[in-house]
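Worksheet: one structure, shown below.
The values are calculated or read from the model by the stated rules, or taken from the named source; none is laboratory data. These numbers were taken from a predicted model, which means no experiment stands behind them. Please note: Cβ atoms are built from the backbone with ideal geometry, for glycine as well, and neighbour counts cover all protein chains shown. Side chains are part of the model used for accessible areas, which takes the heavy atoms of the whole protein and leaves out ligands, DNA and RNA. Shrake-Rupley method; radii C 1.70, N 1.55, O 1.52, S 1.80 Å.
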Amino acid sequence: MVPVDYSDWGQERKSSFWEESYHSNIKLFEERQSEIHRYPVILIDEIQDYRREWMDIIKNYFLEPEGEYVLYGDEKQNIYANELENKDIKTNVARAPSILKECFRSEKRIKDIAVSFQRSQFSVKYNIDDFNIDLYNQLTMEFDKPGQINYIYVPAHEDVDTHYRYKTSEKTNAMFETSEVWFKLMIDLHKKEEIVAEGLSLFSWIRNDEDKRSQLAIALTLQSLVRVFKDDVFVRKLSAILAKIK
C-alpha cells in the first residue's frame with residue numbers, strides 16, 4: 001500500500017518510504033515470521049552495500065536456527081558510506097573477518113597499481129591490502145609476454161581509449177564512439193563547409209570518399225593528441241600522414 005499522493009512525491013521521499021515501511025521494517029518481518037521460508041545456508045556478496053537492518057532481517061528471519069551465514073565484501077567499495085568498525089564494514093557477525101590476501105584475478109602490475117592507489121587515497125580511512133606477493137613467484141606466469149595487459153598513465157579527463165590505441169598500436173573494443181567516429185560525424189555534418197572540402201581534397205590519392213573521410217578523421221584525432229600530449233609517438237604518426245599529403 002502506498003499513500004494517495006505518492007505520485008507527487010520526490011524520489012528521496014519515495015525511497016525513504018520504501019526503506020522505512022518495508023525494506024528496513026523489522027516489525028513487518030517479526031509479525032510474519034511464521035510465513036517466511038528459512039534456508040540452511042545464506043551467502044551474501046557485496047555486503048558493504050547492505051544496511052545493518054537488512055542484515056538483521058535476513059539472518060533473523062530467513063536463516064535456519066543452526067544455518068550457515070557467510071558474508072563477502074570489500075570495505076573499499078563502500079559507495080553508500082555504510083558504518084565502519086576498525087576500518088572494516090560493520091556487520092552482524094561477531095567473529096573477526098577472514099581476509100583474502102591472494103589475488104588470482106589480476107596480474108602483478110595491475111595489483112601494484114591497485115595497492116599504489118589505495119596508499120594515496122585510502123590510507124586514512126581503510127587498511128591497505130597486502131596481497132600475497134610470494135604467490136606470484138609460485139605461479140608460472142610471464143608478465144611481459146604478448147597478450148598481457150599493459151598500462152599507461154593518462155590524465156583522467158582525457159580520452160584513454162584513443163591515447164592507448166595510438167600510443168601502443170594495439171586494437172581495443174570500445175563500448176562507445178571513438179574519436180575517429182566523432183570526427184567523421186563532424187565531417188559529414190559540415191561537409192558543405194569550405195574548410196571540410198579543403199581537408200578532404202588533401203587526400204587526393206584516395207579514390208573512395210568514405211576512405212577519405214576516415215583518413216581525415218584519423219589525422220584530426222592525431223592532431224588533437226599532439227596538441228594535448230606533445231608526445232613523440234603521436235608526432236611521428238601525424239608526420240607520416242602529412243608527408244603523404246606533401
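Here are a few things to note about the model shown:
- Single residue of region 83-111 satisfying the filter (among the charged types (D, E, K, R) and open to solvent by less than 60 Å² (accessible area, probe 1.4 Å)) that is farthest from residue 63 (Cα to Cα): 109
- Considering only residues in region 23-50 that are of a type in the set (A, V, I, L, M) and under 26 Å from the mean Cα position of the chain (by Cα), the one that is most open to solvent (accessible area, probe 1.4 Å) turns out to be 43.
- Any hit, region 198-205, residues being more than 21 Å from residue 169 (Cα to Cα), assigned to a helix (DSSP H, G or I) and aliphatic (A, V, I, L, M): yes
- Cβ separations smaller than 8 Å between residues 6+ apart or across chains give the following pairs from region 188-200 residues that are without any contact (Cβ under 8 Å) to a residue 12 or more places away in the chain to residues that are in a loop (DSSP other than H, G, I, E, B) and open to solvent by 100 Å² or more (accessible area, probe 1.4 Å): 197/191.
- Among the residues of region 156-180, those identified as open to solvent by 60 Å² or more (accessible area, probe 1.4 Å) and more than 17 Å from residue 241 (Cβ to Cβ) are 156, 157, 160, 170, 171, 173, 175, 176, 177.
- Looking at 20, 66, 12, 53, just one residue is surrounded by 12 or more Cβ atoms within 10 Å (Cβ to Cβ) and of a type in the set (D, E, K, R), and that residue is 53.
- Elements of type helices (runs of 4 or more DSSP H) contained in region 22-136, each with 2 or more residues being closer than 30 Å to residue 1 by Cα: 26-31, 52-62
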